[in-house]
Amino acid sequence: MKRFIFLCCIVLCSTDMLAQQDTVKSSTLGTVTVKSQRTAGRSRMGGIENGVNLGQAELFRAACCNLGESFVNSASVDVNYIDAAVGARQIKLLGLSGQYVQMLNEGLPTSLGASMPYALGYVPGAWMKSISVSKGASSVKNGPQSITGQINVEYLKPEDAPSMQVNLYGDSRLKTEFNAAINRHLGKNLSTILLAHYEHDFGHHDDDGDLWHDSPAIRQLNLQNRWKYAKGRYIMHAGIGYLQEQREGGQMLTVANPFRVLLDAQRGEAYMKHAYLLNYEHNTNIAFLANAYYYSLDGIFGPKVFNSDHLSFTSRLVLEHDFNEDHSLSTGLSFNCDRLDESLLRTTALNWQTRDYAPGFYAQYTYMPSYKLTAMAGLRADYSSLYERTFITPRLHLKWTLTDWMTVRLSSGKGFRTPFYYFTEYHYLLASGRQLQPDATFEEAWNSGISMDFYVPLGKKKLKLNAEYYYTDFIHQNVVDYDADPTRIIIHDLTGSSFSHTVEVDAFYDFSDELNILSAFRYNYVRCTYGGQLLEKPLTSRYKGLVTLNWKPMMALWQFDVTLSLNGGGRMPTPYLLADGTPSWSTEFPAFLQLSAQVTREFRHFSLYIGGENLTNYRQPHPIINAANPWASDFEPTLIWGPVHGIMAYAGIRMNIK
């Protein structure tokens, strides 16, 4: 709370100084022409929050088959496999796992639960219009969950120009994809878009010869239908979606009595957003937003059978009003409901039911005395029936444009997260031979950060620099402890300290209208208490370096993209001795390089692309511990820190038919 009060003092002092600086006489200017180019669809957020916007042009610089593959060119966001048996993946932001990042679909919070390890694959890349990544404690409008940041996905819009967009994709691992987006205008006020996605992995690969699938074969069908109606002061968005996915992994069928990993998931969802403008002059509007979500997962992990059925409903009533050019207010009521049923069949059958009803209220005030300064303070209160307590979430943001070439942003705030009992969020760990012992509780943390943007004239262009630092300090945290007991994975509440320091510097430069380069470096210092000792968080890279090049010669008919990343080493959990007396693994994992490249040829109504990933062919050696004996207690497929695939080539065609 002290750091929050301290930042409040900074805001008040800064506001007073800038209010004095802006008491100058006005003068009339001549005609000014402003030209702007969003190179490759990437731009920094212009608002009060620190982050970047990734448009379609940026997403198309790589294969980008789904949301999880959309951050190849990002220095801030890492996407890694966390399990070699089920193909689970997660985001890491500010050195911490993706459960502390709030995921939004067009401003609506997405409830994850059992789908968390696979949700990155549930948003096809061809459906996305843009992705916004904001860092640190974000706005209180969308809930208290954001601790390290927010990722908001914007889909292709019903109101876009009527067309049919088709994407066909295939790669050297025998994965094929088909995507289609068809939108129509049904009169002056009504429009709709149908989104379709189908993918199928035909291959069963075992490149390292351990008789295990390198990753599960996936078959997925994903459909959505979105609508927009607008007339006068009223706007409505609504849609429904359905997804079905099967994953088949584990040992090859050539093995006697194979250890199989089979997952069958189904998801249904519906959403609606209604907005009505009450007053044009003061931008007074009222909105009601709601979405419902059902997710069912049936999983077989060798001898263990797991089932999770999750029904979630979220709603929000919002009122926004601008008192004048300097002062504005957003306030609202929210209600979230989660019903979770899960069961685990091991030697005996275990069943759990979780119910959480969470009403909430928030208010957010924005003060903008001049274009140089914006201050935003938010406060929300949410009651959880599961934990029988009220969570208070204060947050504060400041944006200060000191000069035309330098902008500073400050943020500080608290975040809360209520995880889903008991095995649901961590069910992928059931593939381990260890006994999983979860004891989850709510999570609570402070996040504070500062970022600085610089625009430095260099030649005929400007060098765009960004430097930032974020500190996350946990009060309560669910700690996944591999160190305490070699026969168990223990998930328990934090006893001691847990924090992360993250420093990042990136530079972007346009050499010409055809060529630009982005380079970045990030350092993570992440510590957590395990067994009374403050240790480096395992399976977390200490640093990352990134260089991306984008070249579009011949009037942008051709496009060449290259990305080189250096992923730093880190700590492994405490090793134990195998039956033959050898250590289960090393105490450290090494740094490694990855290279990807893509060539695109643009035509009038379509484009062809061909590329390759992990061209350095680096793979984590022996990603599965004791792969020959999966029924033993020292079998371990969940300690993934690097790529599990070697070189992968791909090709595809994108068509846009008006």
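The values are calculated or read from the model by the stated rules, or taken from the named source; none is laboratory data. Computed from a predicted structure; not experimentally measured. Note: ideal-geometry Cβ built from the backbone for every residue, glycine included; neighbour counts use all protein chains shown.
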Listed residues Y295, Y357, Y365; which is within 28 Å of the chain's Cα centre (by Cα), surrounded by 16 or more Cβ atoms within 10 Å (Cβ to Cβ) and at negative phi? Y295
Considering only residues that are under 18 Å from Y81 (Cβ atoms) and acidic (D, E), look in the range 613-639 and name the one that is modelled with the lowest pLDDT. E636
Can you give me the number of residues within the range 351-397 that are under 22 Å from S111 (Cα atoms), in contact (Cβ under 8 Å) with a residue 12 or more places away in the chain and assigned to a loop (DSSP other than H, G, I, E, B)? 3
Of those in the range 187-204 that are in contact (Cβ under 8 Å) with a residue 40 or more places away in the chain and out of contact with any Cys (no Cβ under 9 Å at 6 or more places or on another chain), the residue farthest from V261 (Cα to Cα) is N189
Per the filter on the range 223-264, residues of a type in the set (A, V, I, L, M, F, W, C) and within 30 Å of S191 (Cα to Cα) are L223, W227, A230, I235, M236, A238, I240, L243
Starting from the range 571-588, keep only residues that are closer than 15 Å to H622 by Cβ, then list their pairs with residues that are β-branched (V, I, T) whose Cβ atoms are within a distance under 7 Å, requiring at least 6 positions of separation or different chains. M572/T587; P575/T587; S584/I625; W585/I625
Single condition K188 does not satisfy, out of (1) among the charged types (D, E, K, R); (2) closer than 22 Å to L156 by Cα; (3) under 25 Å from the mean Cα position of the chain (by Cα); (4) modelled with pLDDT under 95: (3)
Is there a residue in the range 233-256 that is touching a residue at least 24 places away in the same chain (Cβ under 8 Å), assigned to a strand (DSSP E or B) and of a type in the set (K, R)? yes
Name the pairs: first residue in the range 411-432 and farther than 17 Å from S97 by Cβ and touching a residue at least 12 places away in the same chain (Cβ under 8 Å), second residue of a type in the set (K, R) and assigned to a strand (DSSP E or B), Cβ to Cβ under 7 Å, at least 6 apart or on different chains? G413/R395; L430/K304
Looking at the range 604-653 only, could you name the residues that are of a type in the set (F, W, Y) and either assigned to a loop (DSSP other than H, G, I, E, B) or under 25 Å from the mean Cα position of the chain (by Cα) (or both)? Y618, W631, F635, W641, Y650
Residue match in the range 368-382 (condition: under 30 Å from P117 (Cα atoms), surrounded by fewer than 21 Cβ atoms within 10 Å (Cβ to Cβ) and modelled with pLDDT of 95 or more): yes
Which numbered condition trips up V503, out of (1) modelled with pLDDT under 95; (2) within 25 Å of the chain's Cα centre (by Cα); (3) closer than 21 Å to M406 by Cα; (4) of a type outside the set (F, W, Y)? (1)
Scan of the range 72-106 for residues that are at pLDDT 90 or above, outside any strand (DSSP E or B) and within 24 Å of L221 (Cα to Cα), ordered by number: E106
Within the range 201-232, tally of residues that are part of a loop (DSSP other than H, G, I, E, B) and either among the aromatic types (F, W, Y) or modelled with pLDDT of 95 or more (or both): 1
